[in-house]
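Here the structure comes first, spelled out in structure tokens, and everything after it is commentary.
The values are calculated or read from the model by the stated rules, or taken from the named source; none is laboratory data. Nothing here was measured: the structure is a model prediction, and the numbers come from that model. Ideal geometry is used to build each Cβ from the backbone, glycine not excepted, and the neighbour counts take in all protein chains shown. Please note that ligands, DNA and RNA were not included when accessible areas were found on the heavy atoms of the full protein model with its side chains. Shrake-Rupley method; radii C 1.70, N 1.55, O 1.52, S 1.80 Å.
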Amino acid sequence: QVQLVESGGGLVQPGGSLRLSCAASGSISSIYAMYWYRQAPGKQRELVAAITSGGTTDHADSVKGRFTISRDNAKNTVYLQMNSLKREDTAVYYCNANTLKVAYWGQGTQVTVSS
């Protein structure tokens, strides 16, 4: 079992920044990749960024150059640094951890970009 707890969401003005955190606990050694997804009202959940156990990262085209996924192995935490936020980035952001057998999800954290 893996438990994921997200934090760091909130209300920010367009052009602002936020950093989301996802703290993992439990069977962490079984995780081979972690992801950030988001879901805006009335839309499907979409993949935002990914980071493998080897440290390889990838980002959706819509956030490239603005968002950066990273991790701190000592803290078992994955981050999503979000800069130059736009209104269309408003969504609930979810952390996901994949093992060979199961995908785990956090509870989500709301990000609202508004003036």
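Per-structure values
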read-out: Pair VAL102, SER53: separation of 7 Å Cα→Cβ label points (nm); value: 1.6
read-out: Average accessible surface area per residue within the chain, 1.4 Å rolling probe, Å²; value: 53
read-out: Per-selection Rg to Rh, the chain - Cα, Kirkwood hydrodynamic radius; value: 0.95
read-out: Packing rank of 65-74, 19-28, 88-97, 38-47, where each peptide gets the mean count of other beta carbons within 10 Å, highest leading; value: 88-97, 19-28, 65-74, 38-47
read-out: Accessible surface of the chain [probe 1.4 Å, protein heavy atoms]: carbon and sulfur percent; value: 48
read-out: Relative contact order of the chain, pairs being alpha-carbon contacts under 8 Å that are 6 or more residues apart, as %; value: 37
read-out: Bridge type composition, the chain - antiparallel percent by DSSP, nearest 5; value: 95
read-out: Distance in nm between pseudo-label sites at VAL5 and ARG45 (7 Å out along the Cβ direction from Cα); value: 2.1
read-out: Stretch gain in nm, segment ASP61-THR112, where the contour uses 0.36 nm per residue and the Cα spacing is subtracted; value: 16.3 nm
read-out: Two-site label geometry, SER84 and SER17: point separation in nm, points 7 Å out along Cα→Cβ; value: 1.3
read-out: Magnitude of the charge dipole, the chain, Cβ model with Lys/Arg +1 and Asp/Glu -1, debye to 20; value: 60
read-out: Relative contact order [Cα under 8 Å, 6+ residues apart], region 72-115, whole percent; value: 37
